[in-house]
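Colleague: My questions all concern the structure below.
The values are calculated or read from the model by the stated rules, or taken from the named source; none is laboratory data. Here the structure is a predicted model, which means the values were calculated and not measured. Every residue, glycine among them, receives a Cβ derived from its backbone with ideal geometry; neighbour counts consider all protein chains shown.
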Amino acid sequence: MNTSETAVEMRSISKGFNGVNVLNDVDFEVRSGEVHALAGGNGAGKSTLMKILQGVYQTDSGAILVGGRPVQINSIQDAKAVGIGMVFQEFSLVPSLTVAQNIFLGAEPQGRSGLINDKEAVRRAREVFAEMEIVVDPRAQVSALGTAYWQLTEIAKALAQNARVLIMDEPTASLARHETDALFDLVERLKKRGISIIYISHRMDEVYRIADRITILRDGRRLLTESLSDVTPEQIVEGIVGKKIEGQLSYQQRGRDAASAAPILEARGLTSGKRVRDVSFTLHSGEILGLAGLMGSGRTELARVLFGIDPLDSGEILIRGTKAQITNPRRAIAAGLALIPEDRRDQGLVLDHSVRDNLLLPLLDKIARGPLLDAAAGRKLSNSLIQKFAVKVAHPNKPVRLLSGGNQQKVVLAKWLGTEPDVLILDEPTAGVDIGTKSEILAMIRELADTGKAVIVISSEYPELLAVSDRVLVLRDGSITRELGRNEIADEESLQLAVQGV
Amino acid sequence: MNNRTISTIAPEPGGLAAVRGWFGELDWRRYVIYIGFVVVFAFFAVLLRDQGFLSPNNLLNIFRQTATITVIAVGMTYVIACAEIDLSVGSTAGLSSVCTAMALSQWGIIPGILAGLAVGLVVGSVNGALVSLLGIPSFLVTLGMLGIAVGVAQWITASAPQPILNDTFNMIFGSGNFGPVPGLLVWSAVFVAIGAVVLSRTKFGRQVLATGGNRTAADFTGINTKRIKFQVLLISGLVASVAGMLYAGRLESGRFQWGAGDELSAIAAVILGGTSLFGGAGSVVGTLFGALLIGLINNGLILAGLDSSQQQVVRGAIIILAVALARKK
Ligand SMILES: Nc1ncnc2c1ncn2[C@@H]1O[C@H](COP(=O)(O)OP(=O)(O)OP(=O)(O)O)[C@@H](O)[C@H]1O
Ligand SMILES: [Mg+2]
C-alpha cells in the first residue's frame, strides 16, 4: 500500500461567522493510511475545519479534494458518500436502539419485501466488529453500554458506511486508561488497512503515541505540518500556545506547610450508595489534595456527596470543626464550598444563555439592589471576571455555546471563583482544555491554595495531578486505599501502580 | 496566570462601524412578533378602513377582548420559560369565576375575591407539588387538572350561570373605567409590567430562566429548581384565577365555560412572543404583543365579515406562519 498517496486535501479554506474570520487560508492534507494529528489552542479552529470536511458547515472559499478529485461537501450525507466519517465529540447515537440498529441507521438492509431485515443488520454489524477485532454484541441496547462502547459503535457505524477517512475529535476525553489503550490498538489496525485518521487531541503524549504527522493551527491559520519524528514536544507546545511554557506541569513545593494548618474540612466515614464507602479524610487550608483512581472508583461521587448533590447514608462532614448539614448545593455554597463539575456542558453551564448570565448565576445576591438586579453592577462584575480569567469572548452577551471548549471551562471556573469559596472541588478541571490554558488553570489552583483556600482536584491525567497535589488519596471501589504525601510518589509510574492497587 | 496578551473583551462599540455591526448582529427573528404586529395592523388599517377598524372604540375593544388572555399568558410565560406547560389555566379561570360569584352572593365582595384567589392557590399548589415533588410531567398533571377544575365548576353550579349583582366588583374587575381608561386595560398593563420586570430584572426571574435552560446546571449552581418549578405553576394558577375574576366582572356572572380554550390562546401568545417552547428564554413584553396580535386578528376577521369557522382557519394559519418565521434556524 502506498502511504504517500493523498486521501483528502483541503486547499486554502477560509471560514467566518458573522464577519469574524475563524479560518484563514488553511491548507490541510491527509495521506491514506496515516494518523494525522490536528493540534491547536482552544478556539484555534480545529473543530470548525473538521466540520467543514464533514459537511456541517460550508467553506467560504477554498476547495476540498478527495483522492485527487475536487468534491462538493454540502451535507453529512455528501461527506459519507465520499468516504469521510466522524466520531463525534457529542455522540450521535440513539440510546434506545440497539448497536446494530444504530450502525445502519438510515441505511438499513432491506429484504425483498422492502421491510427492514434486522437479522442481516446484526450479521453485518458482527462482520464490522470482527474486522475491528473487538467484541461487541450488536443486539445490545446502546443505553446499556459504557462510553467506550459508544465510541466503538460510532467507529463501526462509520466503517460500515465504507469510510476511508475517520475524524476523531478528542476521542479519549471520557475513556479510562485501558479503554484508551484498546482504542489506540484499533487505530493501528485501521491504519494498516489504509484508513486515514484525523486525530484531534490536547494530550501531547497521545499525539506522540499514535500520530505520524501533525498540523498545528493557531488563530485560524496553519502554522506547520510536520512529521512527528521531526518536531520536539517543546516545539509543538510553543507552536500551539505561541510562547514557551516552563515548569507549570512539574510539581512546585509551595512555601507553607499545609498539613500543620488548621483543618478546614473533615470527612468522617462518608457513605453514600455503593460508590462512596466509609471515606474519611482531612483537608487543611492552603492545601491541594489530589484524588486518584480509575473510572468508577467513586471520585466524582465523593465530590457530589461533599457538595450535597447525592445524599449521605452515614457519616458526617465538619467545616472548621463544626458539623455541617450539607444536604443540598445551597447549603454547600453557604458553607463555603464550590464544585467545578465534571461535565461542563451539562452540569456547569446553561449553554444557550450568554457568558454574562452564566457568570452571574451564582452571584445574583451580589448584584441585587433591593428586589431588583442592578444591570450595571452585573456588567461590571462579569467583565472583571472575564478579564481576570482571560476568557476569550467576542462579546459577553453572546451565548456561551459559541465558545470553544477551553473557554467554556474558564467560564465555569470564573463563575465559581466569583463566589470566593474556602474549599474548591475541581472534577477534571482541564478536560478538553488546551495546553496553554491548562498551565494557566494549574497556576490558578496553586495561587488559590497560596491564599489559604483548600482545593480538592480530581483528575485522570497523572502528570497534572502530580503537578499540583500536595497529597494524593487513591480511591478504589468507593474507598480510600492509599494516602500518599507528594514526596512519597516518585513519578507517574508509581502513582499508576498505586491506583491499580499493585 | 493572566499574562496572555489576548484582548479579552471586544471594545464597547462606538462610531459608524459599531452601528453597522449592531445591525449586522441584529437577529430579526427575535423581532418577528413586533414586525408581524405592525404588518397585520397596517394591513387591517387599510383593508378595513371603512369598517371602523381604526376607530378609538374598536381599538379599545381589541384591548378589552385580549385582556384576560394577556393576563393568563403572562403567567404562562413563566411556566414555559421554565420548560413546563400549564394546560389548566382556562378551566382554573372558569372555576375561579364560579367560586367568586358564589362566595360573593353569600358573604360579600372581599370573601368573593378571596374565594377566587383560593382557587388559583389550590390549583397552582397541587399542580406545582405534583410536578416538582413527584416529578410527574406538567403536561399530564395540568391536563388532568384541566378536566378536574372544569368538572368541579360545572358540578357545584349544576351548570347554571351564577349572576353577580355587586356593582363594585363588576366595576373593578372589568366593566368599569379608571378615568378614561378601561379597567381591563389597566389590569393587563399592571400584570405585564410586573411580569416583565420580575422576569428580566430579579433573581427569581433569572433562576426561572436558568432552570428552564438547563436544570442540571441550575441544580449544580445551588438553585432550588424544585421550588422554582413549584413557584411558576403556583404563579400561573394564581394569575389564571385573577383572569377568571376579570371574566366574572366583565360578564357580570360566574360560569364554568368562562376561559374554556384559553390555554391554547395563551400558549400561542407566549410562543409568538418569542419565549422558547423548550424553556430558557422568555419575554413578557413579547407575550403582550403575541396576545395583541391574536386579538387583532380575531377583531379584523370579524370586521371583515368572516364567519367563525373561517376565522379559525385563518387564525390558525397566521399563527403557524408567525411561529415558523420566528423559529431558530
Ligand atoms: N457556529 C458558530 N458561530 C460563531 N462562532 C463560532 C461558531 N463555531 C465556532 N465558532 C468560533 O470559532 C472559533 C473556533 O472554534 P472551534 O470550535 O473550531 O475551536 P477548536 O480549535 O475546536 O477549539 P477546542 O480545542 O476548544 O475544541 C472559536 O472562537 C469559536 O468561538
Ligand atoms: Mg473543538
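Colleague: Is one or more of the residues making up the stretch B:128-145 part of a helix (DSSP H, G or I) and within 24 Å of B:GLN65 (Cα to Cα)? Steps first, please.
Modeller: Our first condition is that a residue be part of a helix (DSSP H, G or I); within the stretch B:128-145, this holds for B:128-132, B:138-145.
Next cut, within 24 Å of B:GLN65 (Cα to Cα) only: none.
Scanning the stretch B:128-145, I find no residue that is part of a helix (DSSP H, G or I) and within 24 Å of B:GLN65 (Cα to Cα), so the answer is no.
Colleague: Evaluate the following for A:ALA37: is it farther than 30 Å from A:THR232 by Cβ and of a type outside the set (Ser, Thr, Tyr)? Even if it seems obvious, please write down each step before you answer.
Modeller: Details: farther than 30 Å from A:THR232 by Cβ: no; of a type outside the set (Ser, Thr, Tyr): yes.
The answer is no for A:ALA37.
Colleague: I need the full set of residues from the stretch A:37-64 which are within 8 Å of ligand 1 (Cβ to nearest atom) and either at positive phi or small (Gly, Ala, Ser) (or both), in order please.
Modeller: Across the stretch A:37-64, the qualifying residues are A:GLY40, A:GLY41, A:GLY43, A:ALA44, A:GLY45, A:SER47.
Colleague: Could you tell me how many of the residues in the stretch B:270-310 are touching a Leu at 6+ places or on another chain (Cβ under 8 Å), of a type in the set (A, V, I, L, M) and either in a helix (DSSP H, G or I) or more than 14 Å from chain A (Cβ to nearest Cβ) (or both)?
Modeller: Qualifying residue count for the region: 7.
Colleague: So in the stretch A:336-370, with the set limited to residues that are small (Gly, Ala, Ser) and under 19 Å from B:GLY213 (Cβ atoms), which one is nearest to the other protein chains (Cβ to nearest Cβ)? I'd like the intermediate steps shown before the answer.
Modeller: At the first step, the residues of the stretch A:336-370 found to be small (Gly, Ala, Ser) are A:336, A:338, A:348, A:354, A:368, A:370.
Okay, now just the ones that are also under 19 Å from B:GLY213 (Cβ atoms), so A:348, A:354.
Values: A:GLY348: 6, A:SER354: 11 Å.
The extreme case among them is A:GLY348.
Colleague: Also, I was wondering about something else. Please go through the stretch A:163-177 and pick out each residue that is away from ligand 2 (no atom under 16 Å from the Cβ) and at pLDDT below 85.
Modeller: A:LEU175, A:ALA176, A:ARG177, listed by residue number.
Colleague: Which one of the conditions (1) within 23 Å of B:ALA281 (Cα to Cα); (2) buried (at least 20 other Cβ atoms within 10 Å of the Cβ) does A:ALA335 fail to meet, given that it meets all the rest?
Modeller: Single failed check for A:ALA335: (1).
Colleague: Identify, by number, the condition in (1) among the small types (Gly, Ala, Ser); (2) at pLDDT 85 or above; (3) within 16 Å of ligand 1 (Cβ to nearest atom) that A:SER32 doesn't meet.
Modeller: (3)
Colleague: Look at the stretch A:140-155 and say how many of its residues are over 17 Å from the mean Cα position of the chain (by Cα) and either outside the structural domain of A:PHE129 (by TED's automatic domain parsing) or of a type in the set (A, V, I, L, M, F, W, C) (or both).
Modeller: Selection size over the stretch A:140-155: 6.
Colleague: Yes or no: the stretch A:105-114 includes at least one residue that is assigned by TED's automatic domain parsing to the domain that holds A:LEU186, in a helix (DSSP H, G or I) and not acidic (Asp, Glu). Lay out the reasoning, then the answer.
Modeller: Taking the stretch A:105-114 first, the residues assigned by TED's automatic domain parsing to the domain that holds A:LEU186 are A:105-114.
Checking which are in a helix (DSSP H, G or I) leaves us with none.
No, the stretch A:105-114 contains no residue that is assigned by TED's automatic domain parsing to the domain that holds A:LEU186, in a helix (DSSP H, G or I) and not acidic (Asp, Glu).
Colleague: Just need a number here: residues in the stretch B:121-142 that are surrounded by fewer than 15 Cβ atoms within 10 Å (Cβ to Cβ) and either under 9 Å from B:SER88 (Cβ atoms) or in contact (Cβ under 8 Å) with a residue 60 or more places away in the chain (or both).
Modeller: 1
Colleague: Please verify whether A:GLY16 is within 14 Å of chain B (Cβ to nearest Cβ), within 13 Å of ligand 1 (Cβ to nearest atom), under 22 Å from A:LEU217 (Cα atoms) and in a strand (DSSP E or B), treating the condition exactly as stated. Reasoning before the result, please.
Modeller: Working: within 14 Å of chain B (Cβ to nearest Cβ): yes; within 13 Å of ligand 1 (Cβ to nearest atom): yes; under 22 Å from A:LEU217 (Cα atoms): yes; in a strand (DSSP E or B): yes.
In short, yes.
Colleague: Identify the residue in the stretch A:35-70 that is of a type in the set (Ser, Thr, Tyr) and within 16 Å of ligand 2 (Cβ to nearest atom) and, among all such residues, is surrounded by the most Cβ atoms within 10 Å (Cβ to Cβ). Spell out the reasoning first.
Modeller: Just the residues of the stretch A:35-70 that are of a type in the set (Ser, Thr, Tyr), to begin with: A:47-48, A:57, A:59, A:61.
Still in the list and also within 16 Å of ligand 2 (Cβ to nearest atom): A:47-48, A:57.
Values: A:SER47: 23, A:THR48: 21, A:TYR57: 18.
Ranking the candidates gives A:SER47 first.
Colleague: While we're on this one: Take the residues in the stretch A:397-435 that are away from ligand 2 (no atom under 15 Å from the Cβ) and of a type in the set (Gly, Ala, Ser), then tell me which one is nearest to the chain's Cα centre (by Cα). Spell out the reasoning first.
Modeller: First, the residues of the stretch A:397-435 that are away from ligand 2 (no atom under 15 Å from the Cβ): A:397-399, A:411-429.
Then keep just the ones that are of a type in the set (Gly, Ala, Ser); that gives A:414, A:418.
Values: A:ALA414: 18, A:GLY418: 23 Å.
Here the answer is A:ALA414.
Colleague: Would you tally the residues in the stretch A:188-202 being within 16 Å of ligand 1 (Cβ to nearest atom) and assigned to a loop (DSSP other than H, G, I, E, B)?
Modeller: Residues of the stretch A:188-202 within 16 Å of ligand 1 (Cβ to nearest atom): A:198-202.
Narrowing the set further to residues that are assigned to a loop (DSSP other than H, G, I, E, B) leaves A:201-202.
So the answer is 2.
Colleague: Would the stretch A:419-441 turn up any residue that is over 28 Å from B:ALA281 (Cα atoms), within 13 Å of ligand 1 (Cβ to nearest atom) and within 11 Å of chain B (Cβ to nearest Cβ)?
Modeller: So far as the stretch A:419-441 goes, yes, one or more of its residues are over 28 Å from B:ALA281 (Cα atoms), within 13 Å of ligand 1 (Cβ to nearest atom) and within 11 Å of chain B (Cβ to nearest Cβ).
Colleague: A further question on this structure: Any idea how many residues of the stretch A:115-137 are under 20 Å from A:LYS80 (Cβ atoms) and either not charged (D, E, K, R) or not in a helix (DSSP H, G or I) (or both)?
Modeller: Summing the residues that are under 20 Å from A:LYS80 (Cβ atoms) and either not charged (D, E, K, R) or not in a helix (DSSP H, G or I) (or both) in the stretch A:115-137 gives 6.
Colleague: Shifting gears a bit: Can you confirm whether the stretch A:77-86 contains a residue that is more than 16 Å from ligand 1 (Cβ to nearest atom) and part of a strand (DSSP E or B)?
Modeller: Filtering the stretch A:77-86 down to residues more than 16 Å from ligand 1 (Cβ to nearest atom) leaves A:77-85.
Cutting the leftovers down to part of a strand (DSSP E or B) gives us A:84-85.
Checking the stretch A:77-86: at least one residue is more than 16 Å from ligand 1 (Cβ to nearest atom) and part of a strand (DSSP E or B).
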